[in-house]
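See structure below.
The values are calculated or read from the model by the stated rules, or taken from the named source; none is laboratory data. A quick note: this is a predicted structure, and the numbers were derived from the prediction, not measured. We place every Cβ from the backbone using ideal geometry, glycine too, and count neighbours over all the protein chains shown. Calculation scope for accessible area: heavy atoms of the full protein, side chains included, ligands and nucleic acids excluded. Shrake-Rupley method; radii C 1.70, N 1.55, O 1.52, S 1.80 Å.
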Amino acid sequence: MSQQSRLKQLKLEELLQRDVWDVDEDRHIEVLNQEGLPIKALIILCPMGCYSMAGDKLLMSYEGCVECGTCRVLSSPDKIRWSYPRSGRGIQYRYT
Amino acid sequence: MRIIVGIKWVPNTQAVRFDPETGTLIRRGVPSIVNPHDLPAIELALRLRDSAGGEVIAISMAPPPAVKGLELALGMGVDLAILVTDRVYAGADTLATSYVLSHTIRKIEREYGSVDLVIFGQETIDSSTAHIPAQVASWLEWPYIYYVREARILDNKVVRVVRELEEYIEEYELETPAVLGVAMRSLKPRHVSLSNKIRARFEKKLIIWSNNDLKLDTRCVGLKGSPTIVAKTIDMPEVPRRKEVYKPRDARDAARWIISRMLEDEKLRELLQRTLWGVKS
Amino acid sequence: MRVLIAMVRDRFDIVIVGAGPAGCTAAYLLAKAGFSVLLVDRGRGAGSKLLWGGKAYAQPLRDIWPELDREAPIHRWVSRDRFSFVWGDRVLTLEYKLGRKVAFTVYLPELVSWMARKAESVGATFIDEVVIDEIIVRDGVVYGVRSGNDIIRANVVVDAEGINRMLLEKLGLASKPNPYSLSLGVKEVLSLDSKLIEERFNLDKGEGLAWLVAGDITKGIPGGGFIYTMRDSISIGLVLSIGHAADMAEKGLLKEHVSSLVESFRLHPYFRVYWREADIIEYGGRMAIEGGLSYMPKKLYTNGLLVVGDAAGLLVNTGYTIRGVDTAVTSARLAAETIVEAHNKGGFTEDNLRAYEEKIKRSYIYKELVEHRGIEDVFRDQFFFTKFPALATRIGAKLFESDYEEPSMLRALLDSAREEDISILRIIYKLGRVARKL
């Protein structure tokens, strides 16, 4: 690859293509009640961009989650149900 | 009831990245997974065993790292897992693979007793031929039903199978032994259990057979036994996906939104005009 | 007919939750001491959920595995430590050349895979792909662990669950995580030929560099950047205070997604020359303890339970070094010692396990933690990650970017301080405060 193209700011979607998941059918993180959640913070700080707005509804796409816990720290169990994917599924880091 | 379930340890195709500059696939560091189509097959085998009694034996022909996949099957509750591995099996196409698998099943019958059902996932994500279940059935001269969604044991020798085709549902009753190909996502696979994993480890439920055990003619296995010739492969460049979520009021609103979004894209607009509305651009 | 032998294994002397550096160390030492040990991890193979590639200190690991230098998956022995202040395009860099093999760069998944194999080689049972949902306590005594419907009994449970302490929180031993005690690390792995790495970073074969960066790369969020040279890749990223970043995002002071901050760091003109043709081969994020004592749970032991590693809040962050791997390993060694002693004393009661906390308090980890207590506050101080880099690079600009007349160093300092609106007394006071905490 040429040098030029590597010195280009990549979009988050392009960065996500570098990673591997074995996505579980079961959703391991779920927004239960978005009332009072720091929505802007969740959208900006989730490193994988799992949080987004659809109209006025906060969506969490668990498929690209790396299970880091940042959204857990920024919320509470009554607002976001948070668990780990089972059976070894979820993010599969290769290098780290 | 003795049920065999076939498992393939495949590269996680989601992880294969395309290098647009060199035009090749980047396979470095791609981890493997149990072929996702095999998970409902394992689930079906376990449900049949749980209802009718007996045991489930998982088999896989693969290099040694595939033990990870068999361990997952053991974790789900399979009673025994057999990895069939030998250098002479390397480079096998579907014919040579099904030959080895059918002889593995014959050997299981000699060692453990008669087999009633052999269950496979319909196809694999890395090659998508869907040959294996049909070929194994053919080698064993057993009946074969594919696109199976459900199965139920009626009595000792009869199984009722539901298969779903595009426009209708068929039900079969067939005498065992038989081979089933399970449709993708037909059943939700159960999770790995800690007790199952511990039991499998302590009771040494994972065994390895080589060609010393199967004693197959080396001309019929591996590369030598594979008549398939891959003439040419073309890598399809990956299309970047743009995900959007829209909560429609109703179906009409959803359709309107999808069409309007598609019309915003030049290429999609062209495609729509050509196909949907028959307009030449 | 095949005979099914019902041999259900549902009890172990020790169950360890989490196969990170702490869990693997505890498993190794306890299995070696003759206990039946079950080590459980939720990932697929040890380390598949670990995002960490950086500098690990060798001696605490050598204390357990003298064969470390020869056998462990070490990438490079750190021979240079760098620190940079960045303000815009201007950068001030300090470099220290080390005299001996103190620390090495390593990818944690590789290191813990090696440790897990070591544990298995001495008889520990390692089970992956399993989430532990609960540590079961009956009548005030740890009974075992639960995963789904499965219960495995244990005389002692070692909690090495890591930074997300769901199990400890359920037990009431840890409180809800405080976002101001935690950082978010976001990183990229860049693939680069090992010879190019050595050429560009002035390294001999097998030597490595660790580089910490402070300044406006974090866009005003308390935190900093890191760069580690691996064998044939480079690990770069940012560490950002979650509490402060969240506040800024909510107030509209931070609008960019964190991935874009990391990309800007990768493309910063001063840094990008090191890896200009490197491909990004992995991207990810994890949380890290900010340091100090603030993340330590109320208690590190109860009847039949010990807490080790990140779960115990044992990470030392001095600003110039971050020690989490060796502290995790050492805490696990002290936990294993305590368990052996408690066994000899006749039981794993709270009284007999209390020695663990005492051992921790006598160890270098705790001394460091106390020594650098409050360092988090220093890092959060706007002065340090905004004013100071700005001042340093402004002085640099005056000294080195003058077209005609060059000012004296004192004049450069005084003028810069005035332009940045900082009093000299304040600089001296702040520096004195840092010197005490570092």
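Descriptive notes on the structure:
- Filtered residue count, the stretch A:53-68, keeping only those that are of a type outside the set (G, A, S) and either buried (at least 17 other Cβ atoms within 10 Å of the Cβ) or within 12 Å of chain C (Cβ to nearest Cβ) (or both): 7
- Matching residues in the stretch B:137-155 - criterion: being under 14 Å from the mean Cα position of the chain (by Cα) and either under 11 Å from B:I119 (Cα atoms) or touching a residue at least 40 places away in the same chain (Cβ under 8 Å) (or both): B:Y146, B:V148
- Close pairs from the stretch A:20-47: first free of Cβ contacts under 8 Å to residues at least 60 places away in the same chain, partner aromatic (F, W, Y) and part of a helix (DSSP H, G or I), Cβ under 7 Å, at least 6 apart: A:R27/A:Y62; A:I29/A:Y62
- Scan of the stretch B:101-143 for residues that are at pLDDT below 95, farther than 14 Å from B:L180 by Cβ and of a type in the set (A, V, I, L, M, F, W, C), ordered by number: B:I125
- Output for the stretch C:81-128, where each listed residue is of a type in the set (A, V, I, L, M) and under 27 Å from C:E198 (Cβ atoms): C:V86, C:V91, C:L92, C:L94, C:L98, C:V102, C:A103, C:V106, C:L108, C:L111, C:V112
- Condition met for B:I42 (at negative phi, out of contact with any His (no Cβ under 6 Å at 6 or more places or on another chain) and within 12 Å of another protein chain (Cβ to nearest Cβ)): yes
- Every residue from the stretch B:119-156 that is in contact with a helix residue (DSSP H, G or I) (Cβ under 6 Å, 6 or more places away or on another chain) and of a type in the set (V, I, T): B:I119, B:I125, B:T129, B:I132, B:V136, B:I153
- Residues of the stretch C:282-313 that turn out to be touching a Gly at 6+ places or on another chain (Cβ under 8 Å) and of a type in the set (A, V, I, L, M), as a count: 7
Table: residues versus (1) surrounded by fewer than 23 Cβ atoms within 10 Å (Cβ to Cβ); (2) within 14 Å of chain A (Cβ to nearest Cβ); (3) at pLDDT 95 or above; (4) within 30 Å of C:H268 (Cβ to Cβ).
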{"site": "C:I16", "(1), (2), (3), (4)": "no, no, yes, no"}
{"site": "C:G43", "(1), (2), (3), (4)": "no, yes, yes, no"}
{"site": "C:V78", "(1), (2), (3), (4)": "no, no, yes, yes"}
{"site": "C:D89", "(1), (2), (3), (4)": "yes, no, no, yes"}
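- Matching residues in the stretch C:220-232 - criterion: being open to solvent by less than 10 Å² (accessible area, probe 1.4 Å), touching a Gly at 6+ places or on another chain (Cβ under 8 Å) and not in a loop (DSSP other than H, G, I, E, B): C:G225, C:T229
- Applying the criterion of at least 2 residues that are open to solvent by less than 10 Å² (accessible area, probe 1.4 Å) to the helices (runs of 4 or more DSSP H) found wholly in the stretch C:241-317 leaves C:242-250, C:258-266.
- Count of the stretch C:339-369 residues, restricted to those that are polar (S, T, N, Q) and either open to solvent by 70 Å² or more (accessible area, probe 1.4 Å) or under 19 Å from C:D310 (Cβ atoms) (or both), is 2.
- Of all residues in the stretch C:93-142, those being touching a Pro at 6+ places or on another chain (Cβ under 8 Å) and open to solvent by 20 Å² or more (accessible area, probe 1.4 Å) number 2.
- The residues of the stretch C:49-70 that are at the interface with another protein chain (Cβ under 7 Å from one of its Cβ atoms), in contact with a helix residue (DSSP H, G or I) (Cβ under 7 Å, 6 or more places away or on another chain) and open to solvent by 10 Å² or more (accessible area, probe 1.4 Å), listed by number, are C:L50, C:W52.
- Criterion applied to C:R117, C:R153 was being assigned to a strand (DSSP E or B) and more than 14 Å from chain A (Cβ to nearest Cβ), and the one residue passing it is C:R153.
- Residues satisfying the stated conditions in the stretch A:28-47, i.e. of a type outside the set (A, V, I, L, M, F, W, C) and within 7 Å of chain C (Cβ to nearest Cβ): A:P38, A:K40, A:P47
Residues are listed down the side, and each one gets a yes or a no for (1) in contact with a Gly (Cβ under 8 Å, 6 or more places away or on another chain); (2) facing chain A (nearest Cβ under 7 Å):
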site	(1), (2)
C:A246	no, yes
C:E250	no, yes
C:H257	yes, yes
C:L261	no, no
C:Y274	no, no
C:I280	no, yes
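- Leading residue by the ranking (farthest from B:K197 (Cα to Cα)) among those in the stretch A:74-94 that are open to solvent by 30 Å² or more (accessible area, probe 1.4 Å) and in contact with an Asp or Glu (Cβ under 7 Å, 6 or more places away or on another chain): A:R81
- Residue count for the stretch B:178-228, restricted to those that are closer than 22 Å to B:E109 by Cα, touching a Leu at 6+ places or on another chain (Cβ under 8 Å) and open to solvent by 40 Å² or more (accessible area, probe 1.4 Å): 3
- As a summary of the residue check, B:G113 satisfies the conditions (1) surrounded by fewer than 23 Cβ atoms within 10 Å (Cβ to Cβ); (2) small (G, A, S); (3) closer than 30 Å to A:R89 by Cα except for the one numbered (3).
- Listed by first and then second residue, the pairs with beta-carbon distance under 6 Å, at least 6 apart or on different chains, first residue in the stretch B:97-118 and among the acidic types (D, E), second open to solvent by 30 Å² or more (accessible area, probe 1.4 Å), are B:D116/B:M1; B:D116/B:P177.
- Among the residues listed as A:C71, A:C50, the single one being open to solvent by less than 10 Å² (accessible area, probe 1.4 Å), more than 9 Å from chain C (Cβ to nearest Cβ) and under 12 Å from the mean Cα position of the chain (by Cα): A:C50
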